[in-house]
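A.B. asks: Sharing a structure with you now.
The values are calculated or read from the model by the stated rules, or taken from the named source; none is laboratory data. Just so it is clear, the model here is predicted, and its values are computed rather than measured. Cβ placement follows ideal geometry from the backbone for every residue including glycine, while neighbour counts extend to all protein chains displayed. The accessibility values were calculated without ligands, DNA or RNA, using every heavy atom of the protein model including side chains. Shrake-Rupley method; radii C 1.70, N 1.55, O 1.52, S 1.80 Å.
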2 protein chains.
Amino acid sequence: MALKPLGLGLASRRVLSDVVTDDLRDAIISHDLEPGRRIAEDELALQMGVSRGPIREALMRLDREGLVTIERHKGARVASWNDTDIQEIYSMRSALEVLAIEWACKNATSSDLKAMEEILSTYNKLSEKQRTPREVSRLDLEFHTALFAAAHHERLFKTWEVLRSQIHAFLVYTWSQDGKINKVFLPKWGPDHAVFIEVIRNKQISKAKETVLGHVERGLARVATHFIEEPKPKKKVAKR
Amino acid sequence: MALKPLGLGLASRRVLSDVVTDDLRDAIISHDLEPGRRIAEDELALQMGVSRGPIREALMRLDREGLVTIERHKGARVASWNDTDIQEIYSMRSALEVLAIEWACKNATSSDLKAMEEILSTYNKLSEKQRTPREVSRLDLEFHTALFAAAHHERLFKTWEVLRSQIHAFLVYTWSQDGKINKVFLPKWGPDHAVFIEVIRNKQISKAKETVLGHVERGLARVATHFIEEPKPKKKVAKR
DNA sequence: TGCTCTATTGTTGTTTACAAACAACAGTTT
DNA sequence: AAACTGTTGTTTGTAAACAACAATAGAGCA
């Protein structure tokens, strides 16, 4: 059984369905499993060396996260994205992040701010070569996750986690396809996010909201161009 | 096996875990299962005449909906509410409904508007006696669900469904405890919601947003008073 | 050739049985 | 009396077998 013996210091004991969920999520985000691909419980169970129980549980969770789509009696497939999805995701993100930064202004502790600063400084320490799409998108989402954590709003955080998975799923892929966007975007990443910390610390709620809105909208603009070119990600019926 | 042979005309075939989920949800919302109550899989399985599989699935879904809380190796209990929860829920609701009505202004079809009007007229046809807290809260949530449907925003709708369950879970209970609030609230319900339909039809986005914001905030004010009196819903360790 | 019906096959839904984790208790030791 | 330790009982996590459903291919017929 493929249990990782000693991973990070985890709060609650890891259980098989957790392992399966995380592995599957990684596989989807890294596009090892292409969008539209069918996932049979039996096949996956055999491949991962566990029974179907934990697999079913993992698939249900990923369905909730929007990374797979389960149809009754028909099974699961990896979710695929079109421009409508992008519009939905980013409009949700705007609404949620505005709420998040509002609550963060009220509730953020100094350790919350410190956590955000550390992510920022981690980014600044990266060399140009280390700033791969994969790594930057990871740090980007980590930063925003820290923002949501600073809001101290349980339901908001859970909702963000769902959205984050979906964003992650197409962000790595999208960015890695576009060299020139990265050229203009990467240098601005640091200063851009430094503003977040500042407005939260000073509790400038209305300015904070504006900052977030602009930020998310620029993010959408970068991503959207990709999904106009690629008209309809035709559902490919993938064979194993 | 306790399958309801012919329920409503359902789109996809109902499966055991669906039945269990719906029954359990109803039981929680109607307070047949009091907040904090322990739910053992075996016990429930025996009681409903199904095996633990569907039960587990149902509990996981209701955990996602926020109606039960699952702790690893410790099982599930019915969620309980305090004033912090109320603040979280209503702040989320504001953000979501503003987004919803914005999208509804852009995307609502005439049949969407008709659906909302019909709920309104159903309400108006109710006699005073029929306007029980249970019935009114059901219609209220149905109306707002119609609003979210009119937005034609899949992810927004799913997020609303989660929130709706939670609201429903304490709304029936809260309202049924307070006679005088209903006296001033019920007569205004109809006109209040009629405005929604009007601003959507005329696509008055900014006015629509204001309308929604005020509406939700008044809702919060009504509910919040209840949770100030009742300081801490002590976790009662309920025996069966 | 084209259609319908049936049988087959592969997949998911459900059940049952077993293993592991946790919680409560009793007995022992200090 | 208090704290530790081993045991027992209850409950969840996992596995494997069985049943039901959906899709498909092929036989039979017009």
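A.B. asks: Within the stretch A:126-133, does at least one residue satisfy the condition of being small (Gly, Ala, Ser) and either closer than 30 Å to residue B:86 by Cβ or assigned to a helix (DSSP H, G or I) (or both)?
C.D. replies: No: the stretch A:126-133 contains no residue that is small (Gly, Ala, Ser) and either closer than 30 Å to residue B:86 by Cβ or assigned to a helix (DSSP H, G or I) (or both).
A.B. asks: How about the stretch B:24-45: which of its residues are in a helix (DSSP H, G or I) and within 13 Å of DNA strand C (Cβ to nearest atom)?
C.D. replies: Answer for the stretch B:24-45, where residues must be in a helix (DSSP H, G or I) and within 13 Å of DNA strand C (Cβ to nearest atom): B:41, B:42, B:44, B:45.
A.B. asks: Got at least one residue in the stretch B:132-145 being of a type in the set (Ser, Thr, Tyr), open to solvent by 30 Å² or more (accessible area, probe 1.4 Å) and over 17 Å from residue B:171 (Cβ atoms)?
C.D. replies: As a first pass, look at the stretch B:132-145 and keep what is of a type in the set (Ser, Thr, Tyr): B:132, B:137, B:145.
Checking the rest, the ones that are also open to solvent by 30 Å² or more (accessible area, probe 1.4 Å) come to B:132.
Among the residues that remain, those that are also over 17 Å from residue B:171 (Cβ atoms) are: none.
Looking for residues that are of a type in the set (Ser, Thr, Tyr), open to solvent by 30 Å² or more (accessible area, probe 1.4 Å) and over 17 Å from residue B:171 (Cβ atoms), one finds none in the stretch B:132-145, hence no.
A.B. asks: Within the stretch B:46-103, can you find the residues that are touching a residue at least 40 places away in the same chain (Cβ under 8 Å), in a loop (DSSP other than H, G, I, E, B) and either facing another protein chain (nearest Cβ under 10 Å) or more than 16 Å from DNA strand C (Cβ to nearest atom) (or both)?
C.D. replies: Those that are touching a residue at least 40 places away in the same chain (Cβ under 8 Å), in a loop (DSSP other than H, G, I, E, B) and either facing another protein chain (nearest Cβ under 10 Å) or more than 16 Å from DNA strand C (Cβ to nearest atom) (or both): B:66, B:67, B:79, B:80, B:81, B:82.
A.B. asks: When residue A:154 is evaluated against the numbered criteria (1) within 14 Å of chain B (Cβ to nearest Cβ); (2) open to solvent by 60 Å² or more (accessible area, probe 1.4 Å); (3) farther than 27 Å from residue A:58 by Cβ, which criterion, by number, is the only one it fails?
C.D. replies: If we test residue A:154 against (1) within 14 Å of chain B (Cβ to nearest Cβ); (2) open to solvent by 60 Å² or more (accessible area, probe 1.4 Å); (3) farther than 27 Å from residue A:58 by Cβ, just (3) comes out false.
A.B. asks: Given the criterion touching a residue at least 60 places away in the same chain (Cβ under 8 Å), within 30 Å of residue B:82 (Cβ to Cβ) and over 18 Å from the mean Cα position of the chain (by Cα), identify the matching residue among A:205, A:197.
C.D. replies: Of the residues listed, the single one that is touching a residue at least 60 places away in the same chain (Cβ under 8 Å), within 30 Å of residue B:82 (Cβ to Cβ) and over 18 Å from the mean Cα position of the chain (by Cα) is A:205.
A.B. asks: While we're looking at this one, here's another question. If I ask for residues that are surrounded by 15 or more Cβ atoms within 10 Å (Cβ to Cβ) and either more than 23 Å from residue A:152 (Cα to Cα) or not assigned by TED's automatic domain parsing to the domain that holds residue B:216 (or both), which ones from the stretch B:87-114 would you list?
C.D. replies: B:100, B:101, B:102, B:103, B:104, B:105, B:108, B:112, B:113
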